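Below is one structure, written out as structure tokens; comments come after it.
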Amino acid sequence: MKIIAFVGLPLSGKSTAAKVAEELGIPVVVMGDIVREEVRRRGLELTDENAGKVATELREKEGLDAIAKRCIPIIREKAKEKGIVVVDGIRGIAEVERFKKEFGDDFILINIESPIEMRFERALKRKRDDDIKTIEELKKRDERELSWNMGEAIKVANFTIENTSDIQTFIDKIRDLLNQLARQVEVEITTDIHPTEDEDKVIEAIRNIFPDAEIRIEDGKLIATARDLSRLRDLLRKQRILDTARSELIRNRRGNEITVYLNKQTATVSRINFTDEDVILSPLKVTFRIYGVPVERFIDYLAPETRDGKPIKELETL
């Protein structure tokens, strides 16, 4: 799972960036919708002043991460669809810290920067009910959001994109970065550990193929997750079994998932041997979940077509 969030002063371009994400098929959670929903629930007119008062009150009563906490269940639900979600509207460092605590390294923050004069022009063109009407109002809104430690959140952003020229240039920048970040493959490895097996040997077998595997064992069942495909990719080439691997990947594809079974014993000596699900000693069940990139490209990256045993075309990246 990957959570990509936008931070930036009002009217910097966060909503436009979120629309780009939607056009790419990435689910979007708008943090401001939580506030606007609360404003309506209270029977108040949807204005910038009322939205600001409600947002401030929520943070005073529930903590500076109040909006983030309310968003987390929505984010998790939307992530089930494609394994990636864009969050529009980080307002402070407390929200960043809450999301990092919840999602760890899967949380990525993008800062959008734009001068106040350009932001004010956008407000006049956008004509949203709760938008500001004068540049003085925009300055006050900046001050309000900076009071929630937005400046600290901006400082820890993983990426910064400048929105200082025409709209198409900005859209292209956002699209390129989202396409880059959305490319991901999640790997899940499971197997039963039998009483006659050495637990350490089974763990070694998995790490021989997936060095970054995070492993836990519960009631005799091993469950691991990984992302690094480089070792598996290298072994398929060294053993010259690309055709076999490609056939297995294509045959076992189900939507955006591919599940194959690997011999546990040969994995202990860093060898790949595809096998059946029902062998006597449970195999390593390896499931690839592919997001943000065509499954066909994933297969071509891991096990390309060959001629005379050599890849016809190597893809260096997904």
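The values are calculated or read from the model by the stated rules, or taken from the named source; none is laboratory data. Just so we're clear, the structure is a prediction, and the values are computed from it rather than from any experiment. Ideal geometry is used to build each Cβ from the backbone, glycine not excepted, and the neighbour counts take in all protein chains shown.
Which pairs do you get when a residue that is in contact (Cβ under 8 Å) with a residue 12 or more places away in the chain, found in region 37-58, comes within reach of a residue that is among the small types (Gly, Ala, Ser) and part of a helix (DSSP H, G or I), reach meaning Cβ atoms under 7 angstrom, with the pair 6+ apart or on two chains?
Val39/Ala51; Leu58/Ala66
Restricting attention to region 36-68, which residues are among the basic types (Lys, Arg) and farther than 20 Å from Ala18 by Cβ?
Arg40, Arg41, Arg42, Lys53, Arg59, Lys61
Can you tell which of Arg231, Arg175 is at pLDDT 95 or above and either in contact with a Phe, Trp or Tyr (Cβ under 7 Å, 6 or more places away or on another chain) or surrounded by fewer than 17 Cβ atoms within 10 Å (Cβ to Cβ) (or both)?
The unique qualifying residue is Arg231.
Residue by residue through region 249-273, note down the ones that are modelled with pLDDT of 95 or more and crowded, with 19+ Cβ neighbours inside 10 Å.
Selection gives Leu249, Ile258, Val260, Tyr261, Leu262, Ala267, Ile272.
Does region 264-281 contain any residue that is part of a loop (DSSP other than H, G, I, E, B) and touching a His at 6+ places or on another chain (Cβ under 8 Å)?
Within region 264-281, one or more residues are part of a loop (DSSP other than H, G, I, E, B) and touching a His at 6+ places or on another chain (Cβ under 8 Å).
Looking at region 290-318, I want the residues that are on the phi > 0 side of the Ramachandran plot and in the same structural domain as Ile258 (by TED's automatic domain parsing) and have a partner that is surrounded by 12 or more Cβ atoms within 10 Å (Cβ to Cβ) and part of a loop (DSSP other than H, G, I, E, B) with Cβ atoms under 9 Å, at least 6 apart or on another chain. Which pairs are those?
Pairs that qualify, where the first residue is on the phi > 0 side of the Ramachandran plot and in the same structural domain as Ile258 (by TED's automatic domain parsing) and the partner is surrounded by 12 or more Cβ atoms within 10 Å (Cβ to Cβ) and part of a loop (DSSP other than H, G, I, E, B), are Gly292/Leu24; Gly292/Ile26; Gly292/Gly83; Gly292/Arg183; Gly292/Leu318.
Using the structure shown, decide if Asp243 is modelled with pLDDT of 95 or more and in contact with a Ser or Thr (Cβ under 8 Å, 6 or more places away or on another chain).
Yes, satisfied.
Could you look through region 1-21, keep only residues that are in contact (Cβ under 8 Å) with a residue 40 or more places away in the chain and part of a helix (DSSP H, G or I), and pick out the one that is nearest to the chain's Cα centre (by Cα)?
Ala21
Given the residues Arg246, Arg207, which is the only one that is surrounded by 14 or more Cβ atoms within 10 Å (Cβ to Cβ), more than 20 Å from Gly83 (Cβ to Cβ) and either assigned by TED's automatic domain parsing to the domain that holds Asp105 or free of Cβ contacts under 8 Å to residues at least 12 places away in the same chain (or both)?
The match here is Arg207.
Take Glu152 and decide whether it is touching a residue at least 40 places away in the same chain (Cβ under 8 Å) and out of contact with any helix residue (DSSP H, G or I) (no Cβ under 8 Å at 6 or more places or on another chain).
Considered against the rule, which asks whether it is touching a residue at least 40 places away in the same chain (Cβ under 8 Å) and out of contact with any helix residue (DSSP H, G or I) (no Cβ under 8 Å at 6 or more places or on another chain), Glu152 comes out as no.
Have a look at Lys61, Lys14, Lys19 and point out the one that is under 26 Å from Asn163 (Cα atoms) and surrounded by fewer than 18 Cβ atoms within 10 Å (Cβ to Cβ).
Going through Lys61, Lys14, Lys19 in turn, just one is under 26 Å from Asn163 (Cα atoms) and surrounded by fewer than 18 Cβ atoms within 10 Å (Cβ to Cβ): Lys19.
Specify which of the listed residues (Asp176, Asp142) is farther than 30 Å from Ser270 by Cα and either small (Gly, Ala, Ser) or in contact with a helix residue (DSSP H, G or I) (Cβ under 9 Å, 6 or more places away or on another chain) (or both).
The match here is Asp142.
Of all residues being at pLDDT below 90 and not β-branched (Val, Ile, Thr) in region 71-91, which is farthest from Tyr291 (Cα to Cα)? Just the residue, please.
Arg91
Consider Asp131 carefully, then state whether it is in contact with a helix residue (DSSP H, G or I) (Cβ under 8 Å, 6 or more places away or on another chain), surrounded by 15 or more Cβ atoms within 10 Å (Cβ to Cβ) and at pLDDT below 90.
yes
Given the criteria without any contact (Cβ under 8 Å) to a residue 40 or more places away in the chain and assigned to a strand (DSSP E or B), does Thr259 qualify?
Yes.
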